[in-house]
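Novice: Got a structure for you, written out below as structure tokens; questions coming shortly.
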Amino acid sequence: MDLAALSSGLDTFWILITGALVFFMQAGFALVEAGFTRSKNTTNILFKNLMDFCIGTIVFWLVGYGIMFGSGTGFFGAFEPFSEINHAPAGIPNLAFFFFQLVFAATAATIVSGAMAERTKFSSYLIYSAFISVIIYPVSGHWVWGGGWLASMGFHDFAGSTVVHSVGGWLSLVGAAVLGPRIGKYKNGKANAIPGHNLLIGTLGVFLLWLGWFGFNPGSTLSLSNPELVARIFVTTNAAAAAGGCATLAFTWIKYGKPGLSMTLNGVLAGLVAITAGCDTVTPEGAILIGLMSGILVVLSVEFFDRVVKIDDPVGAISVHGINGVFGTLMVGFFAKENGLTGLFYGGGTDLVVTQLIGIGAVAAWSIACGLVLFFGLKYTIGIRVSKKEEENGLDYYEHGESAYN
Amino acid sequence: MDLAALSSGLDTFWILITGALVFFMQAGFALVEAGFTRSKNTTNILFKNLMDFCIGTIVFWLVGYGIMFGSGTGFFGAFEPFSEINHAPAGIPNLAFFFFQLVFAATAATIVSGAMAERTKFSSYLIYSAFISVIIYPVSGHWVWGGGWLASMGFHDFAGSTVVHSVGGWLSLVGAAVLGPRIGKYKNGKANAIPGHNLLIGTLGVFLLWLGWFGFNPGSTLSLSNPELVARIFVTTNAAAAAGGCATLAFTWIKYGKPGLSMTLNGVLAGLVAITAGCDTVTPEGAILIGLMSGILVVLSVEFFDRVVKIDDPVGAISVHGINGVFGTLMVGFFAKENGLTGLFYGGGTDLVVTQLIGIGAVAAWSIACGLVLFFGLKYTIGIRVSKKEEENGLDYYEHGESAYN
Amino acid sequence: MDLAALSSGLDTFWILITGALVFFMQAGFALVEAGFTRSKNTTNILFKNLMDFCIGTIVFWLVGYGIMFGSGTGFFGAFEPFSEINHAPAGIPNLAFFFFQLVFAATAATIVSGAMAERTKFSSYLIYSAFISVIIYPVSGHWVWGGGWLASMGFHDFAGSTVVHSVGGWLSLVGAAVLGPRIGKYKNGKANAIPGHNLLIGTLGVFLLWLGWFGFNPGSTLSLSNPELVARIFVTTNAAAAAGGCATLAFTWIKYGKPGLSMTLNGVLAGLVAITAGCDTVTPEGAILIGLMSGILVVLSVEFFDRVVKIDDPVGAISVHGINGVFGTLMVGFFAKENGLTGLFYGGGTDLVVTQLIGIGAVAAWSIACGLVLFFGLKYTIGIRVSKKEEENGLDYYEHGESAYN
């Protein structure tokens, strides 16, 4: 075997194993969403998480991959059925690159099931999950990672704070808003907490997600040719998560008098989401600062949507993935220092900040527009919400005829 | 370090990490089997899953590895105690190859605990688990992977639809038949569903198995010298699993009026089992077709054994691992296209189909014969089934003095 | 890419992926500790496990890493804030080595939460967790792995039976002793069993830890330049775990009349802890013997501390990590055969045994002394134990305002 072949074997191994870790995040999302909701809807939420990956696999292979990476225009890739055209970097087999991109697409898709939990029709959810993987995610993904117009502008989103997480977050926002709140969530204009049924499972889910993020961010190098970069990404990713947890712990302790586990778990996730855009270009110190801010931001954002905007998001997906995805992407403009970028705090001027804002805004506009068309379309055709009786008695029995627990 | 040493390090890393993922399938099996059975038997089923791996580790090291890979005859390897003789491919340390083979042997062993759940004596199960790892699995494994007569014939089972899964499936069939159904399973000739106690845990188990399969199938290349092959295996494995899930979802929805999570989880597993034989040689399209068929087959097979044959298999192991192991192995004869094989659908003639049938039949005959000797032997010596009282009150208290839940 | 760069990429990949597996042990510890304790304290124990990693990440990065690896004296490294000075072996980026060391430090820290479960003030636990990662673990770690005086003497602790596990074990001993037993544990001088609430979760935790150990021990090679060594470590690690499980199974079956799952899980962990020091230098046979002994030792040790010493250790951390960490480190002196060491059983004389005893004793003295200062310091300042009312009603409500289950 020659050097080039060995290098190709090594890089293929790298993206497949990190891709497998990203796949494992599907289990993490399933546990977080199941743990943070009520036991009468557990079968339903697990089933949605399972199926969005199954359906996403088929449709992203059928057309999504080509739309995202095909060399069409700056706004749209190409219809290339069956993912047979090679879009991988040199040395990586096309199918390895496809697998890695597929698990990213599936991450965006699965975020939304949490925000829409406990009241969405199963059939409508399946249609949504096909749409995001076929068209919504691939189009904005093409802009940033497929050589599209945002890539050309210099917009920097290394592993997907905007491309993956904010897309999921914006669709969560629209989906939860179109659905309306769960029965009992708001009484006389006051938001009631509806506690999840199993915090142990939710915590395990967060650990699985944290582990999966060691695939998500470092794997996005697509190569081991720069070990320093890969190592930095491990450290910045981990540091932001830890700092997010510490900040939420302290902030909830001061604010509510007691440190809260559920919110601190969201603080960890907020740190992970926020560091994703700039994990390659910030220092560990920068990562800790971003993590600390995101751990506070997620608390304020959850309260804002819950009490002010009054959108019922059972797991906090809008705040964790949407708001912190935006925040982290913006922070690249300030904290970038390594890997060829220089942020405002290191003397880099405001250009990068502006570019980041344009990218954030464009992806938000696209996602929200798609969400409005899709979710209102579902609402006024097959319906998007289960009946009152079904919601009160739990979706598990009516939608699936199976309780999760016996 | 020279190129050969680096290549050896890379391949060793590859089979050890994929082996670790296969090890992790032990946890997946434990969760699936525990989740799909009743809470009064949870300690027992966890304990069986733990011990079959512990015992399997010792006895496969003592003699199983030599029987499987020793260069004896085409039918039997050699008694080579302590696994000290090198059977690894060039560049891989013997102990790395041993570890990889051990976790495969343990997978075959642990399949059976699900089919025999909720009524088997713990001591008898431990004896069974030693026998499969000492002799049953290694002998038929030798035929296919140890240079034996089926290998010579050109029988193709890349990662073990037949070698691993069907052996587990056939032993499940014999074990469950010899044991008889659980009390209350059949009343007046009618099969009653006995729902598992925790579908969340069962779902998590399926995600762990799916993850583990990214070790099981791609790791079976034993090398990264062909990155295209490794990448294709990731994609075919994943595609068949996803297609299996989609097919079962649709089929149960139509057949029963509601989509069922338990059965869909089995559909995913069926797709994984079925693609295992041909994951290296089918295209993604072929994998999806195989997955779709296996997702339907598993439903029909579960119903057939449950209602027609009246063998009580609490987790569907016979159908998932046995029937779909056979089905997937056979499909190689039709769908093979890459990696030097050509199936019937691509103009390859019927030879491969016939060879596949011979291999399937020979391994089935061997496994069933061993199962009959073993399980009847246990039944008429130390006994194989717990008392009626013990079964009704749960095995956890009587066999172990420990409830899983307090 | 040249050969050196490729080798650097490979080794960096190796320690980052094995480091990620060690990170995943955090989830394993959380599950074991939550499963083995009561449901009224589940939020609390999960929260402690989460926060000791979050806090540990920040403080080990701030100063712990420098204290451990800085080139100060044989007794103490250096204050090198922000972990910026390179201490990595050639070819490994400093931040990759830092990440690998961080997850080891966090393992030591998290051991203690189990021993102190169900009665410790949350704030005191957080202070403890900062101290172990800032100073306690790094100082003794420096002695052995940072080029300190025990390293100079030839003390051999390959992956941390003493450096990681015994430090956690000794601090568990002191912490549990200073805290005193849980209410209801001892009545009229008799020890009462207080069963954990979820053995399924505990079992899953053990599988996660076992998986993580395939990072912990093999990753400690820090390189793939010796594939034989890496493969041996996988096999010895796995063999000791399996043998530990088998020995505890048999021993509890004989001793109590029934095989016990909880204790057998501890037997597996005991085997893993015990093999950690010598995983590189013992043969598979040696590993099995060490595992068998540790599986019996853990039972005797748990009984000894529970009934004779009367220290209440809810999860058996003192016996699993402390006693078996010591035992495994000592066994290196007897069973060493490979990797340049020769133990007493292979004609190596008593020098190594004596050196091992000195290392064990020195680390024990340091850890116990630090534990006494720290835990008595906490006791007589902010207090270390929750109120009687809080303990009886559960820490979840009073400390966090959140039950784990609804």
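Novice: Per residue of region B:303-315, what does 6.51 cos²θ - 1.76 cosθ + 1.60 with θ = phi - 60° give for ³J(HN,Hα)? Whole Hz please, x for Gly and Pro, Karplus curve as stated.
Specialist: 5, 4, 5, 6, 9, 9, 6, 6, 9, 8, 10, x, 10
Novice: Could you tell me whether the protein assembly as shown comes out rounded, prolate or oblate from its Cα gyration tensor? Rule is a ≥ b ≥ c as square roots of the eigenvalues, rounded for a/c under 1.5, then prolate if a/b exceeds b/c, otherwise oblate.
Specialist: Rounded, since a/c falls under 1.5.
Novice: Please state the relative contact order of chain A as a whole percent: Cα pairs under 8 Å, 6+ residues apart? Walk me through the numbers on the way to the answer.
Specialist: On the way: 837 pairs, mean separation 94.1, N = 406.
Relative CO of chain A lands at 23 percent.
Novice: Taking each label point as 7 Å beyond Cα in the direction of the beta carbon, state the distances from A:A250 to the same residue in the other copies, shortest first, in nm.
Specialist: Relative to the other copies, A:A250 has label-point distances of 5.5, 5.5 nm.
Novice: Right, something else. Can you list the equivalent-ellipsoid semi-axes of region A:318-357, largest first and in whole Å, using the square root of 5 times each Cα gyration tensor eigenvalue?
Specialist: 21, 10, 7
Novice: Now for a separate question. Using the number of other C-beta atoms within 10 angstrom as an exposure proxy, rank C:S172, A:S387, B:S123, B:S225 with the fewest first.
Specialist: Numbers: C:S172 30, A:S387 11, B:S123 15, B:S225 18.
Least crowded to most crowded, the residues run A:S387, B:S123, B:S225, C:S172.
Novice: Using 7 Å Cα-to-Cβ label points, what is the B:S71/A:K255 separation (nm, one decimal)?
Specialist: Going from the B:S71 label point to the A:K255 one covers 7.0 nm.
Novice: Taking the alpha-carbon centroid of each part, what is the distance from region B:376-406 to region C:171-212 in angstrom?
Specialist: Each part reduced to its Cα centre gives a spacing of 27 Å.
Novice: Further, regarding this structure: As a footprinting exposure proxy, order B:M263, B:M116 by other Cβ within 10 Å, with the fewest listed first.
Specialist: So the ranking, lowest neighbour count to highest, is B:M263, B:M116.
Novice: By the gyration tensor of its Cα atoms, with a ≥ b ≥ c the square roots of the eigenvalues, what is the shape of region A:3-400: rounded for a/c under 1.5, prolate for a/b over b/c, or oblate?
Specialist: Oblate, since a/c reaches 1.5 and b/c is not below a/b.
Novice: When only Cα pairs under 8 Å and 6 or more residues apart are kept, what is the percent relative contact order across region C:258-359?
Specialist: Relative contact order of region C:258-359: 30 percent.
Novice: With an 8 Å cut-off on Cα pairs and a minimum separation of 6 or more residues, tell me the relative contact order of region C:330-406 in percent.
Specialist: Working: 50 pairs, mean separation 12.0, N = 77.
Once normalised by length, the contact order is 16 percent.
Novice: Then there's this: Longer than 30 Å from Cα to Cα, which of A:K379/B:K255; C:K190/C:K388; C:K48/C:K379; A:K258/A:K388; B:K389/C:K190; C:K310/C:K379 are they? Say none if no pair is.
Specialist: Working: A:K379/B:K255 27 Å; C:K190/C:K388 20 Å; C:K48/C:K379 18 Å; A:K258/A:K388 35 Å; B:K389/C:K190 32 Å; C:K310/C:K379 20 Å.
Pairs exceeding the cut-off: A:K258/A:K388; B:K389/C:K190.
Novice: What list of ³J(HN,Hα) values in whole Hz, one per residue of region B:166-181 in order, does the Karplus curve 6.51 cos²θ - 1.76 cosθ + 1.60 (θ = phi - 60°) give from phi, with Gly and Pro shown as x?
Specialist: Once θ is set to phi - 60°, the couplings for region B:166-181 become 5, 4, x, x, 5, 5, 4, 4, 5, x, 5, 5, 5, 5, x, x Hz.
Novice: Given springs between every Cα pair under 10 Å in a Gaussian network model of chain A, which of A:S319, A:S140, A:S152 has the largest fluctuation?
Specialist: Of A:S319, A:S140, A:S152, the most mobile in the Gaussian network model is A:S152.
Novice: Relative to a virtual label point 7 Å from the Cα of A:S403 in the Cα→beta-carbon direction, which members of region B:253-279 show backbone nitrogen distances below 17 Å?
Specialist: Backbone N within reach: B:261-262.
Novice: If neighbour count is taken as other Cβ atoms inside 10 Å, put C:D351, B:D313 in order from fewest to most.
Specialist: So the ranking, lowest neighbour count to highest, is C:D351, B:D313.
Novice: Something else about it: Got a sec? Charge dipole of the protein assembly as shown, +1 on Cβ for Lys and Arg, -1 for Asp and Glu; which of A:F36, B:L95, A:G189 is way out at the positive end?
Specialist: A:G189
Novice: Connecting C-alpha atoms closer than 10 Å in a GNM of chain C, tell me which of C:N266, C:N324, C:N41 has the biggest fluctuation.
Specialist: Comparing C:N266, C:N324, C:N41 in a Gaussian network model of chain C, the most mobile one is C:N41.
Novice: Let me know the shape class of region A:130-273, please: from the alpha-carbon gyration tensor, a ≥ b ≥ c as square roots of the eigenvalues, rounded when a/c is under 1.5, otherwise prolate if a/b is greater than b/c, or oblate.
Specialist: oblate
Novice: Would you calculate the separation in nanometres between label points at A:Y346 and C:F376, each defined as 7 Å from the Cα along the Cα-to-beta-carbon direction?
Specialist: Here the answer is 4.9 nm between the modelled labels.
Novice: What average number of partner chain Cβ atoms lie no more than 10 Å from the Cβ of the residues making up B:19-30?
Specialist: Whole-number average of other-chain Cβ neighbours for B:19-30 is 4.
Novice: In the Gaussian network model of chain B, springs joining C-alpha atoms below 10 Å, which of B:A193, B:A105, B:A243 carries the largest mean-square fluctuation?
Specialist: B:A193
Novice: Measuring nothing but label to label, 7 Å from Cα along Cα→Cβ, what are C:S387's distances to the other copies in nm, shortest first?
Specialist: Taking the point 7 Å beyond Cα along Cα→Cβ, the inter-copy spacings are 5.0, 5.0 nm.
Novice: Sort shortest first the distances from C:P89 to its counterpart in every other copy, using label points 7 Å along the Cα-to-beta-carbon line, and give them in nm.
Specialist: Distances between equivalent label points, in nm: 2.6, 2.6.
No value in this document is a laboratory result; all are computed from the given coordinates. Bear in mind the structure is a predicted one, so any value in this text is a computation, not a measurement. Reconstructed Cβ throughout: ideal geometry from the backbone, glycine too, with neighbour counts over all protein chains shown.
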